[in-house]
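Notes follow the structure.
The values are calculated or read from the model by the stated rules, or taken from the named source; none is laboratory data. Remember, predicted model here, so these are calculated numbers, not experimental data. Glycine gets a Cβ as well: all are built from the backbone with ideal geometry, and neighbour counts include every protein chain shown. We work out accessible area using only protein heavy atoms, side chains counted, and drop any ligands, DNA or RNA first. Shrake-Rupley method; radii C 1.70, N 1.55, O 1.52, S 1.80 Å.
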Amino acid sequence: MPEVPGARLLGNEWLFITGAADPGGLPAPGVPEIAFAGRSNVGKSSLINAVAGRRALARVSNTPGRTQQINFFAIDDKMMVVDLPGYGYAEAPKDTVAGWTDLIRMYLKGRVTLRHVLLLIDGRHGVKANDHEIMTMLDRAAVPYQVILTKADKVSVAQAERIRVETEAALVKHPAARPQALVTSAEKGYGIEELRELIVTLVQR
Ligand code: GDP
């Protein structure tokens, strides 16, 4: 499998453990978990692949809303990266959306091994209404989270910076959020090394 330099910082071996479509499918809590969350199509699969240094660990799909289960990846048996279903896909059937939302909420509120959430926000658009919803839910559940801005290569440097400043201004109102937003591009590799370092730091808390 192709690897990029620095991927080893997190661990050598990434192993897909299971995909849970309902609460009964969740693996028993064990090692610390870091969960990736975000709107459908935000670039979550691409970012997980970039962080892992693998091309196709989390599937990159052009069909928004296709990832409907919580996927668990173990890294060297030391920690788990958790890929949550993308939210906010307008064309998905209502009861399907309600099902994922319940599953995500249940996981985020009740998972004893969850150390931190990485909340992905599209770096072209900034915080949207359903991002605010999940942020408020995380605040209420006192689950700490870090905002990651994605797809920075799609906008100018000035625009990326403007969105970062706006996003950080919004974060001030969210008590469980870390104050800074990390700007990334899975495509160009911006911010990926910082994100790996951050994950290592967060998992040790
Ligand atoms: P997910 O639904 O959140 O898992 O999003 P994907 O990773 O499947 O990405 C959605 C779309 O955005 C795909 O067409 C990706 O190729 C594209 N994409 C993801 N990350 C980036 C990025 O950093 N830069 C650019 N230009 N496109 C990206």
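Taking segment 59-109, which residues are at pLDDT 70 or above and in a loop (DSSP other than H, G, I, E, B)?
Within segment 59-109, Gln68, Gln69, Asp76, Asp77, Lys78, Leu84, Pro85, Gly86, Gly88 qualify.
Inspect all residues belonging to segment 167-179 and state whether any of them is surrounded by 14 or more Cβ atoms within 10 Å (Cβ to Cβ), on the phi < 0 side of the Ramachandran plot and in contact (Cβ under 8 Å) with a residue 60 or more places away in the chain.
Checked against the condition, which is being surrounded by 14 or more Cβ atoms within 10 Å (Cβ to Cβ), on the phi < 0 side of the Ramachandran plot and in contact (Cβ under 8 Å) with a residue 60 or more places away in the chain, segment 167-179 yields no hits at all.
Within segment 142-152, can you find the residues that are surrounded by 16 or more Cβ atoms within 10 Å (Cβ to Cβ) and either within 15 Å of the ligand (Cβ to nearest atom) or of a type in the set (Gly, Ala, Ser) (or both)?
Within segment 142-152, Val147, Ile148, Leu149, Thr150, Lys151, Ala152 qualify.
If we keep just the residues of segment 104-141 that are among the hydrophobic types (A, V, I, L, M, F, W, C) and open to solvent by 40 Å² or more (accessible area, probe 1.4 Å), which is farthest from the ligand (Cβ to nearest atom)?
Among them, the one singled out is Val112.
Report, by residue number, each residue of segment 44-58 that is open to solvent by 30 Å² or more (accessible area, probe 1.4 Å) and at pLDDT 85 or above.
Once the filter is applied, which keeps residues that are open to solvent by 30 Å² or more (accessible area, probe 1.4 Å) and at pLDDT 85 or above, segment 44-58 yields only Ser46.
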